[in-house]
Amino acid sequence: MSDANTLAIDCENLTVRRGQTTILDGLSCQIKRGQAAAILGPNGCGKTTFTRCLTGTMFATQGRLTVLDQTIGHTNILALRKRIGLVNPTTDNGFAHVTGAVVDAALSTTMAVCTGYFASVGLYERPTAEQIEHAQQLLRNVGLGHRLDHKLGKLSTGEQRRALIARALVHKPELLILDEPTAGLD
């Protein structure tokens, strides 16, 4: 086993069941800090469920999961989320807890990116002027400088994906999770 301080993710026998359905069945893996890893598989095999476990939006039925030296279920999950960047293909129109959305689609694109500072679906804290400017610069970097004040939900699918990539990078995360980040991009 590797030194825990070198691991970004340490997963042992992770199982997720919902009702009679087993979504993940005994998943074990280790991913080192600084390492890139791809998780491949058919639709419905549990890839998104695993990412939700990593961010504490879904919890395992059994097993152990440590992310950035924090054991899920025994840590301040909100503090941990602020260390993780997430690109998820889902935005929210009022049903965030049902869909697993990462951001409220009714926000302006700039404010949606600012939610990345707080690891929240909505904007419940006020971003500083510096945070807003940084978010807008990231949006310009991904080609959305002309969409800063547009509602996120009114952008094309590809534009939303680029905005979510900017959101994931806004706070220079220690762990970057990309769940279908290129879906809808040309």
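When the stretch 20-38 is limited to residues that are surrounded by 15 or more Cβ atoms within 10 Å (Cβ to Cβ) and among the hydrophobic types (A, V, I, L, M, F, W, C), the one that is nearest to the chain's Cα centre (by Cα) turns out to be I31. Restrict the check to the stretch 67-85 and report whether at least one residue is at pLDDT below 90, of a type in the set (S, T, Y) and open to solvent by 20 Å² or more (accessible area, probe 1.4 Å). Checking the stretch 67-85: not a single residue is at pLDDT below 90, of a type in the set (S, T, Y) and open to solvent by 20 Å² or more (accessible area, probe 1.4 Å).
Once the stretch 95-120 is narrowed to residues that are in a loop (DSSP other than H, G, I, E, B) and open to solvent by less than 40 Å² (accessible area, probe 1.4 Å), the residue that is modelled with the highest pLDDT is L107. Taking the stretch 139-169 as the region of interest, how many residues are free of Cβ contacts under 8 Å to residues at least 60 places away in the same chain and either assigned to a loop (DSSP other than H, G, I, E, B) or closer than 22 Å to F50 by Cβ (or both)? Within the stretch 139-169, residues that are free of Cβ contacts under 8 Å to residues at least 60 places away in the same chain and either assigned to a loop (DSSP other than H, G, I, E, B) or closer than 22 Å to F50 by Cβ (or both) number 8.
The values are calculated or read from the model by the stated rules, or taken from the named source; none is laboratory data. Since the structure is predicted, the reported quantities are computational estimates derived from the model, not experimental observations. Note: ideal-geometry Cβ built from the backbone for every residue, glycine included; neighbour counts use all protein chains shown. To get the accessible areas, we keep the full protein, side chains included, count just its heavy atoms, and leave off ligands, DNA and RNA. Shrake-Rupley method; radii C 1.70, N 1.55, O 1.52, S 1.80 Å.
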